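Okay, so here's the structure we're looking at.
Values in this text are rule-based calculations from the coordinates and carry no lab data. Bear in mind that the values here come from a model prediction, so they are computed numbers and not experimental data. Note that each Cβ is placed from the backbone with ideal geometry, even for glycine, and that neighbours are counted across all protein chains shown.
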Amino acid sequence: GQNIDQPTEMTATEGAIVQINCTYQTSGFNGLFWYQQHAGEAPTFLSYNVLDGLEEKGRFSSFLSRSKGYSYLLLKELQMKDSASYLCAVSSSASKIIFGSGTRLSIRP
Amino acid sequence: NAGVMQNPRHLVRRRGQEARLRCSPMKGHSHVYWYRQLPEEGLKFMVYLQKENIIDESGMPKERFSAEFPKEGPSILRIQQVVRGDSAAYFCASSPDRNQYQPQHFGDGTRLSIL
């Protein structure tokens, strides 16, 4: 079967660092995406990993371990506007991306 | 540079009616994907289309649902004889080609409510 697991909810403090984990089991693997989705809005692309290691992009970093079927999204210097759902998604074939249920991140002052 | 355009943003239908959701991909994109999202849940893949071709419809319910992407005009997701369980947000995404390394760009979605 195909399965992507990530925590349902997380809470963090403004200015702090938070790590959102994602584990996956898919029949194929062509890369892993992270998307941000604010309530009532479209998902927006954050990052893409296809090789093992860390990809850094400003305040956001994403890590991948293919052998462990594991990824995380690291958000630094949290801001209130970072309150959103974060979707982990795996490209399992040329035509299909499988999404996790998302992690709802709440930032408190 | 317009992004993915979906309309309508909100659609209300009574049980048994038909719902038509439209999606115009980003300029230069010829690949369209439809997803359904229930409240508090992730995106569920429905169908992947190129112009005049359905490439992968493995996520589409077997009955009442159909999709097309004609040579001219937007992609259409059609739901016949809607039921309460069809209430959801339907998102369309597009990409420039079949390269699985390309991120998909999403529209703002159509929120379908069934009375």
Review point. With the Cα gyration tensor of region A:1-105 giving a ≥ b ≥ c as the square roots of its eigenvalues, does the rule (a/c under 1.5 for rounded; else a/b larger than b/c for prolate; else oblate) give rounded, prolate or oblate?
Key: prolate
Check your understanding: Using the Cα gyration tensor of the protein assembly as shown, with a ≥ b ≥ c the square roots of its eigenvalues, what is the shape: rounded (a/c below 1.5), prolate (a/b larger than b/c) or oblate (neither)?
Key -> prolate
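Just checking the output field for A:34-47: average partner chain Cβ neighbours within 10 Å of each residue's Cβ? Walk me through the intermediate numbers first.
Values: counts 1, 5, 0, 6, 0, 0, 5, 3, 12, 12, 3, 6, 1, 1.
Partner-chain Cβ atoms within 10 Å, mean over residues of A:34-47: 4.
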**Study point:** Modelled FRET efficiency - R0 25 Å, A:Asn21 with A:Met80, Cβ distances, 0.05 increments
**Key:** 0.65
Point to revise | Cα centroid of region B:1-42 to Cα centroid of region A:50-72, whole Å | key: 30
**Study point:** Sorted by Cβ density within 10 Å, fewest first, the residues A:Thr103, A:Thr44, A:Thr13
**Key:** A:Thr13, A:Thr44, A:Thr103
Revision key, fill the gap. So, relative contact order of chain B in percent, Cα under 8 Å, 6 or more apart, is 37
Exercise for review: State the answer as a single residue: which of A:Tyr72, A:Gln37, A:Ser47 lies farthest towards the positive end of the charge dipole of region A:23-80, with beta carbon charges of +1 for Lys and Arg and -1 for Asp and Glu, about the Cα centre.
Suggested key: A:Tyr72
Exercise for review: Once you've got the Cα coordinates, tell me which of B:Lys27/B:Lys51; A:Lys76/A:Lys96; A:Lys96/B:Lys44; A:Lys68/A:Lys96; A:Lys81/B:Lys44 are over 19 Å apart.
Suggested key: A:Lys76/A:Lys96; A:Lys68/A:Lys96; A:Lys81/B:Lys44
Study note, to complete from the structure: Note: B:54-67 gets an average of partner chain Cβ contacts (10 Å, Cβ to Cβ) equal to 1
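If we count every other residue with Cβ under 10 angstrom of A:Ile107's Cβ, Lys/Arg +1 and Asp/Glu -1, where does the sum land?
Here the charged neighbours net out to 0.
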Point to revise | Gyration tensor verdict on region A:52-99 (Cα atoms; rounded if a/c is under 1.5, prolate if a/b is larger than b/c, oblate otherwise) | key: oblate
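How much net charge surrounds A:Ala42 when only the other residues with a Cβ under 13 Å from the Cβ of A:Ala42 are counted, with Lys and Arg +1 and Asp and Glu -1?
Net charge around A:Ala42: 0.
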Point to revise | Label-to-label distance, nm, for residues given as A:Glu41 and B:Lys44 (7 Å Cα→Cβ offset) | key: 2.6
Exercise for review: Restricting to chain B, compute how many DSSP beta bridges are antiparallel as a %, nearest 5.
Suggested key: 90
Point to revise | Packing-based exposure ordering (other Cβ within 10 Å, fewest first) of A:Lys96, A:Lys76 | key: A:Lys76, A:Lys96
Practice item. For region B:55-91, run through the GluC sites (Glu not before Pro) and keep only the ones in DSSP coil with at most 10 other Cβ atoms within 10 Å of their Cβ. Key: B:Glu63, B:Glu72
Practice item. Count neighbours as other Cβ atoms within 10 Å of each site's Cβ, and list the GluC sites (Glu not before Pro) in region A:11-70 that are DSSP loop with at most 15 such neighbours. Key: A:Glu14, A:Glu41
Review point. Relative contact order (percent) for chain A, with alpha-carbon contacts under 8 angstrom and 6 or more residues of separation?
Key: 37
Study note, to complete from the structure: Here the residues of region A:38-80 lying in the modelled label zone of A:Glu14, meaning backbone nitrogen under 15 Å from a point 7 Å along Cα-to-Cβ, are A:77-80
